[in-house]
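Engineer: Dumping the structure here so I can ask a few things about it.
The values are calculated or read from the model by the stated rules, or taken from the named source; none is laboratory data. Remember, it's a predicted structure, so these values are computed and weren't measured experimentally. Here the Cβ positions follow ideal geometry from the backbone for every residue, glycine too, while neighbour counts run over all protein chains shown.
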Amino acid sequence: MTEQGFPVGEIDTSRPHPARMYDFFLGGRDNYEVDREAAQQVIDLFPDIVPTTRANRRFMHRAVRHLARSGIRQIIDIGTGIPTAPNTHQVAHEVSPDVRVAYVDNDPIVATHAGAHLLGAGNTGFFLADLRDPVAILGHPTIGKLIDMDQPIGLLMVAVLHFVKDDEDPAGLVAAYRDALPAGSRLVLSHATSDFHSPETGVEDAKEVYKDRGATATVTTRSYEQVLPFFDGFDLVDPGLVQIPLWHPEGELPTAAELSHVGTYGGVGVKL
Ligand SMILES: C[S@@+](CC[C@H](N)C(=O)[O-])C[C@H]1O[C@@H](n2cnc3c(N)ncnc32)[C@H](O)[C@@H]1O
């Protein structure tokens, strides 16, 4: 049984799941009525959730290309989400086809789609596990098979830590992963924030939807000062921790108007 109270591999359609709501925000179809209702309520209250999730996905693509170009040949992607092309390994393989990717998520729906979309040439793997259990993740046989803990690793925690509550010690969890990584590894992290949205934008009301509807995880937005310490022990790559469209933008620079709709910080750090 999972913490949520249903057997691993079984899809619970009685409560909204963040992975399936995120899929709906991105225009996907791997969601259920309970997710669509909750997600639509979030959109109605806080329309900027849509440009924010899209910008997050693009940030992930740019950051993974950066990892591969920096010589990283193995990636652990925690909180990978329902497959949405291109996925991490597809982005990395555009740069270098020999990158190995271990995908991890705690939502069984991701497992049901992993076979067709995340597993392929033998250099990817997926397993169900919870970010809040670093021992289980780092000791998992799939990690043992795909990841050499003595070589630099790209660790992705993209749009997942805001599902970890303060009393679950997100900084301590990131530090547990950091301590297992060899020097030269890179952390890619993005995190929802209310820094760019006043309460009138509906951002606070939208977070309440997760609570009111009994979603399997709730959202804790964090300020710049609260997100930055997740990079303790890492040297932040330029331009540092920034609103995600500003991290290595490709093509035209984002305008102030575009930026005003994106509520997420992101950055990449190199383990010292
Ligand atoms: C917003 S999606 C982000 C997906 C992908 N990383 C991206 O940025 O496009 C968050 C994902 O994290 C997963 N997740 C949330 N809490 C988690 C936890 N404690 N352990 C593992 N995965 C978790 C959800 O199931 C969901 O698939």
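Engineer: Under the condition of being in contact (Cβ under 8 Å) with a residue 40 or more places away in the chain, among the acidic types (Asp, Glu) and closer than 15 Å to Ile49 by Cα, which residue from the range 22-38 is nearest to the ligand (Cβ to nearest atom)?
Structural biologist: Ranking the candidates gives Asp23 first.
Engineer: Scanning for something under 19 Å from His162 (Cα atoms) and more than 10 Å from the ligand (Cβ to nearest atom), does the range 86-103 turn up at least one residue?
Structural biologist: First, the residues of the range 86-103 that are under 19 Å from His162 (Cα atoms): 103.
Imposing the further condition that a residue be more than 10 Å from the ligand (Cβ to nearest atom) reduces the set to none.
Looking for residues that are under 19 Å from His162 (Cα atoms) and more than 10 Å from the ligand (Cβ to nearest atom), one finds none in the range 86-103, hence no.
Engineer: Still on this structure, I have one more. Can you find a residue in the range 51-72 that is surrounded by fewer than 17 Cβ atoms within 10 Å (Cβ to Cβ), touching a helix residue (DSSP H, G or I) at 6+ places or on another chain (Cβ under 6 Å) and farther than 28 Å from Leu259 by Cβ?
Structural biologist: no
Engineer: Just for the range 109-120: of the residues that are of a type in the set (A, V, I, L, M) and outside any helix (DSSP H, G or I), which one is surrounded by the fewest Cβ atoms within 10 Å (Cβ to Cβ)? It would help to see each step written out before you state the result.
Structural biologist: Applying the first criterion (of a type in the set (A, V, I, L, M)) to the range 109-120 yields 109-111, 114, 116, 118-119.
Now narrow it down to the ones that are outside any helix (DSSP H, G or I): 118-119.
On the way: Leu118: 24, Leu119: 15.
My answer is Leu119.
Engineer: Of all residues in the range 121-173, which are crowded, with 19+ Cβ neighbours inside 10 Å, part of a helix (DSSP H, G or I) and not aromatic (Phe, Trp, Tyr)?
Structural biologist: Pro134, Ile137, Ile143, Leu146, Leu161, His162, Pro170, Leu173
Engineer: Being within 14 Å of the ligand (Cβ to nearest atom), modelled with pLDDT of 95 or more, under 21 Å from Phe127 (Cβ atoms) and of a type outside the set (Phe, Trp, Tyr): is that true of Ala19 here? Can you show your working first?
Structural biologist: Working: within 14 Å of the ligand (Cβ to nearest atom): yes; modelled with pLDDT of 95 or more: yes; under 21 Å from Phe127 (Cβ atoms): yes; of a type outside the set (Phe, Trp, Tyr): yes.
So Ala19 passes the test.
Engineer: Could you count how many residues in the range 93-118 are out of contact with any strand residue (DSSP E or B) (no Cβ under 6 Å at 6 or more places or on another chain) and without any contact (Cβ under 8 Å) to a residue 40 or more places away in the chain?
Structural biologist: Summing the residues that are out of contact with any strand residue (DSSP E or B) (no Cβ under 6 Å at 6 or more places or on another chain) and without any contact (Cβ under 8 Å) to a residue 40 or more places away in the chain in the range 93-118 gives 10.
Engineer: What is the one condition in (1) modelled with pLDDT of 95 or more; (2) more than 10 Å from the ligand (Cβ to nearest atom) that Glu10 does not satisfy?
Structural biologist: So Glu10 meets the others, but not (1).
Engineer: Oh, and also: Would you mind finding the one in His162, His140 that is closer than 26 Å to Gly122 by Cα, within 14 Å of the ligand (Cβ to nearest atom) and in contact with a strand residue (DSSP E or B) (Cβ under 6 Å, 6 or more places away or on another chain)?
Structural biologist: The match here is His140.
Engineer: Tally up the residues in the range 24-47 that are under 16 Å from Val219 (Cα atoms) and within 18 Å of the chain's Cα centre (by Cα), please.
Structural biologist: Result for the range 24-47: 2.
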